[in-house]
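Below: one structure, written as structure tokens.
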Amino acid sequence: LGAEVTGLCSGKNMEFCKKLGADNVFDYSKDGLAGSGKKFDVFFDAAAKTNFSKSKMFLKKRGIYITTIPNFNVIFNRIFNFIPFRKRSNYIMVKSSGIDLAMLKGFVVTGDLKPVIEKIFTIENIAEAQRLSESGNIKGKIAIKIDFKN
């Protein structure tokens with residue numbers, strides 16, 4: 001969509017992030033973003049691994065920190081930050097819609113979005129899928145295949 005994307009991951013996943021389309025990739029187990037000198041319009045913490053306070057130093061003057069798991073500080077900042085031209089935080093709550101799903105399907109069809117499926121499990125092996133998910137050693141999504149013929 002035209003954004004310059006910077007990824008933050010472990011050293012072993014840097015090539016993976018580049019293949020996904022990140023323009024810049026930094027290793028969080030080393031200097032992370034600290035040595036980069038970069039400032040961002042948006043800091044999207046999709047895995048909720050940091051917080052607004054720690055991320056502010058990487059935001060441009062009017063930048064925004066977004067997380068998927070809201071906490072007191074993010075909610076407080078969102079409600080009481082009336083000062084324009086200031087760094088701010090927000091959170092997202094995802095509720096799918098037909099319009100959003102159609103847009104994502106279009107991106108998949110054109111090849112602009114390439115889902116990464118780590119492994120597909122049958123419903124009978126769902127406990128194994130849960131163990132894999134909890135291991136934290138996956139690079140994509142886990143899918144469950146359900147056979148509705150029975």
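Is it fair to say A102 is open to solvent by less than 90 Å² (accessible area, probe 1.4 Å), in contact with a strand residue (DSSP E or B) (Cβ under 8 Å, 6 or more places away or on another chain) and modelled with pLDDT of 85 or more? I'd like the intermediate steps shown before the answer.
Values: open to solvent by less than 90 Å² (accessible area, probe 1.4 Å): yes; in contact with a strand residue (DSSP E or B) (Cβ under 8 Å, 6 or more places away or on another chain): no; modelled with pLDDT of 85 or more: yes.
Answer is no for this residue.
Scanning the stretch 1-35 for residues that are of a type in the set (S, T, N, Q) and free of Cβ contacts under 8 Å to residues at least 24 places away in the same chain, which turns out farthest from I138 (Cα to Cα)? Before the answer, list the steps.
Step one: list which residues in the stretch 1-35 are of a type in the set (S, T, N, Q), which gives 6, 10, 13, 24, 29.
Narrowing the set further to residues that are free of Cβ contacts under 8 Å to residues at least 24 places away in the same chain leaves 10, 24, 29.
On the way: S10: 12, N24: 21, S29: 17 Å.
Among residues in the stretch 1-35 that are of a type in the set (S, T, N, Q) and free of Cβ contacts under 8 Å to residues at least 24 places away in the same chain, the one farthest from I138 (Cα to Cα) is N24.
Among the listed residues N150, N125, N90, which satisfies the condition of being surrounded by 10 or more Cβ atoms within 10 Å (Cβ to Cβ), modelled with pLDDT under 80 and of a type outside the set (F, W, Y)? Give the steps one after another, and end with the answer.
Values: N150 fails: surrounded by 10 or more Cβ atoms within 10 Å (Cβ to Cβ); N125 fails: modelled with pLDDT under 80.
Every option except N90 fails the conditions.
Could you check how many residues of the stretch 92-126 are in contact with a helix residue (DSSP H, G or I) (Cβ under 6 Å, 6 or more places away or on another chain) and either charged (D, E, K, R) or within 25 Å of D45 (Cβ to Cβ) (or both)? Lay out the reasoning, then the answer.
Looking only at the stretch 92-126, we keep the residues that are in contact with a helix residue (DSSP H, G or I) (Cβ under 6 Å, 6 or more places away or on another chain), and these are 113, 121.
Filter once more, so that each one left must be either charged (D, E, K, R) or within 25 Å of D45 (Cβ to Cβ) (or both): 113.
Result for the stretch 92-126: 1.
Out of all the residues in the stretch 69-83, is one or more at pLDDT 80 or above and assigned to a loop (DSSP other than H, G, I, E, B)? Give the steps one after another, and end with the answer.
We begin by selecting, within the stretch 69-83, every residue at pLDDT 80 or above; these are none.
No, the stretch 69-83 contains no residue that is at pLDDT 80 or above and assigned to a loop (DSSP other than H, G, I, E, B).
Six or more apart or on different chains, Cβ atoms under 7 Å: show the pairs whose first residue is in the stretch 48-61 and closer than 13 Å to K87 by Cβ and of a type in the set (F, W, Y) and whose second is open to solvent by 30 Å² or more (accessible area, probe 1.4 Å) and in a helix (DSSP H, G or I).
F52/N73
Have a look at A47, A22 and point out the one that is of a type in the set (A, V, I, L, M), within 16 Å of the chain's Cα centre (by Cα), part of a loop (DSSP other than H, G, I, E, B) and modelled with pLDDT of 90 or more. Talk me through it step by step, then tell me what you get.
Working: A47 fails: modelled with pLDDT of 90 or more.
None of the others qualify; the one that does is A22.
Any residue at all in the stretch 93-115 that's out of contact with any Phe, Trp or Tyr (no Cβ under 9 Å at 6 or more places or on another chain) and in a strand (DSSP E or B)?
No - not one qualifying residue is present in the stretch 93-115.
Out of all the residues in the stretch 21-54, which are crowded, with 16+ Cβ neighbours inside 10 Å, under 23 Å from I117 (Cα atoms) and among the aliphatic types (A, V, I, L, M)?
Once the filter is applied, which keeps residues that are crowded, with 16+ Cβ neighbours inside 10 Å, under 23 Å from I117 (Cα atoms) and among the aliphatic types (A, V, I, L, M), the stretch 21-54 yields A22, V25.
The values are calculated or read from the model by the stated rules, or taken from the named source; none is laboratory data. Nothing here was measured: the structure is a model prediction, and the numbers come from that model. Virtual Cβ from ideal backbone geometry, glycine too; neighbours counted across all protein chains shown. These accessible areas exclude ligands, DNA and RNA; they are computed on the full protein's heavy atoms, side chains included. Shrake-Rupley method; radii C 1.70, N 1.55, O 1.52, S 1.80 Å.
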